[in-house]
Amino acid sequence: MPKPVLLLTRRLPDAIEARAARDYDARLNSADEPWYREGTEIARRAAEAGAAGILCAAGDPMNAGTIGALPDSVKIIATFSVGTDHIDVPAAKARGITVANTPEVLSFATAECAFTLMLMAARRAGEGERMVRAGKWDGWAPTQLMGVTLEGKRLGIAGFGRIGRELAAMARGFRMEIHYRDLNRVPPDLEQGAIFHAEERDFLSSIDILSMHMPGGEATRRWLNAERLSWMRPGSIVINTGRGGSVDDAALVAALSSDHIRAAGLDVYDGEPKLFPGYLGLANVALLPHLGSATLETRDAMGQRALSNVDAVLLHGKKAPDAVG
């Protein structure tokens, strides 16, 4: 019996590609050729191969047009990500195509990235690193690049899911006070003493550092706008490792330029890999290229989880464990 055809849109870790090649008629993109950027090309290749499954990644344009052009042979779209903003899940459901993601396995790594950015922003690490590399460091000085300590600061976590709670656990080690905003208050065993805010203005005006971990979509589009930024304390810090579209970039740049917001640390961007050009001229912004889950351990776990979802549907005729929608 022939193996099911599985189309992989991106280069994935070696162990993941090896497993895919072992269990499927895998059509790999090991050179990471950029055809994955075009939905029409993804659909064309799926049709040409008679693909039963597609293993895509964050940013691949799996919109309604792409899904509508897929061959009837496609039974599952597994994404190498937690987020499914790039997939039109209702369109897939209408065609009887399962969509599955990779939850849980990247929570700690993404929280680590948020904490990295928090330290970079608070301690002006990006500015210092650029100074040294440019040969402009003349030695230690009593007032050079003075930042702020995290100890005793009030950390506000917008979106108190798995990643937000992992960040809270790390922050407690720095003796930070944890505040959070979510649709609902979590049980005490998950809260661990964190302070819940039912109102956004009360939340934002109570904290020194905002770390954003909210889901994407229209409900959170440009959530951090000029009005909400104005509610924050002067000298606050903004961190975003969640969704780039949740920030009004022009408003954040204005707040950073006026020093109302002391500094920001960003790992995600609206329309990435493009980013709002106003950030590039600001010294008080730490910018990372979407590294949230970029550890060897996490990326391997993501790939294993994605393939387990594909296995369930294509090899075992079962429901994908991480089916969404």
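Provide the gained length on full extension for the span MET1 to SER258, in nm with one decimal, where the gain is 0.36 nm per separating residue minus the Cα-Cα distance.
Taking 0.36 nm per residue and subtracting the Cα distance, the gain is 85.9 nm.
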Label model pair GLU218, LEU296: point-to-point distance (7 angstrom along the Cα→beta-carbon line) in nm is 4.5
Zone reached by a paramagnetic label modelled 7 Å from ARG44 Cα along Cα→Cβ, restricted to the stretch 52-84 with backbone N below 12 Å, covers none
Most fluctuating of GLU48, GLU127, GLU177 in the GNM of the chain (C-alpha, under 10 Å) is GLU48
In whole Hz, the Karplus estimates of ³J(HN,Hα) for the stretch 54-61 (6.51, -1.76, 1.60; θ = phi - 60°; x where Gly or Pro) are 10, 10, 9, 9, 4, x, 5, x
Once both label points are put 7 Å beyond Cα along the C-beta direction, the ASP270-ASN225 separation in nm becomes 1.0
Here the FRET efficiency for LYS93 versus SER308, based on Cβ atoms and R0 = 22 Å and rounded to 0.05, is 0.60
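In what sequence, highest mean first, do 58-68, 108-118, 281-291, 187-197 appear when ranked by Cβ atoms within 10 angstrom? Could you put the intermediate results ahead of the total?
Details: 58-68: 19.2, 108-118: 23.5, 281-291: 16.2, 187-197: 12.7.
Output ranking for 58-68, 108-118, 281-291, 187-197: 108-118, 58-68, 281-291, 187-197.
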Taking 148-156, 208-216 and ranking on average Cβ neighbours within 10 Å, highest first, one gets 208-216, 148-156
LEU287 and ALA250 label points (each 7 Å along its Cα→Cβ direction) are spaced in nm at 1.9
Note, the stretch 36-45: 3J(HN,Hα) by Karplus (6.51, -1.76, 1.60, θ = phi - 60°), whole Hz, Gly/Pro = x, goes 5, 6, 10, x, 5, 6, 4, 5, 4, 5
Placing one equal point scatterer on each C-alpha of the chain and summing with Debye, one gets log10 I(q)/I(0) at q = 0.12 Å⁻¹ equal to -0.87
If amide H atoms are modeled at 1.01 Å from N in the peptide plane, then the residues at a separation of 5 or more from ALA286, or on another chain, having amide H under 5 Å from its own are ALA264, GLY265, LEU266
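Scan the stretch 196-302 for GluC sites (Glu not before Pro) in coil per DSSP, keeping those whose Cβ has at most 16 other Cβ atoms within 10 Å, and list them by number.
Numbers: sites: GLU199, GLU200, GLU218, GLU227, GLU297; in loops: GLU199.
Taking the stretch 196-302 and a limit of 16 other Cβ atoms within 10 Å, the loop GluC sites (Glu not before Pro) found are GLU199.
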Here the stretch 256-265 yields Karplus 3J(HN,Hα) values (6.51, -1.76, 1.60; θ = phi - 60°; whole Hz; Gly and Pro given as x) of 6, 5, 8, 6, 4, 9, 5, 7, 9, x
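Taking N as the number of residues in the stretch 199-325, what is its Cα Rg relative to 2.2 N^0.38 Å? Don't skip to the end; give the middle numbers.
Details: Rg = 18.1 Å, N = 127, 2.2 N^0.38 = 13.9 Å.
Here the Cα radius of gyration is 1.31 times the empirical estimate.
In the structure displayed, which of LYS3/LYS93; LYS3/LYS318; LYS136/LYS274 lie more than 26 Å apart, Cα to Cα?
Details: LYS3/LYS93 24 Å; LYS3/LYS318 17 Å; LYS136/LYS274 29 Å.
From LYS3/LYS93; LYS3/LYS318; LYS136/LYS274, over 26 Å: LYS136/LYS274.
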Cα extents of the stretch 107-287 along the principal axes, largest first, in whole Å, come to 52, 34, 29
Computed over the chain, the relative contact order (Cα-Cα under 8 Å, seq sep at least six) in percent reads 17
For the chain, longest principal axis from Cα atoms; helix 162-172 axis from its Cα atoms; angle between them, nearest 10 degrees, is 30
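Every read-out reported here was derived from the displayed coordinates using simple, explicitly stated rules and does not represent laboratory data. What you are looking at is a predicted structure, and each value in this text was computed from that prediction instead of being measured. All Cβ positions, glycine included, derive from the backbone under ideal geometry; neighbour counts span all protein chains shown.
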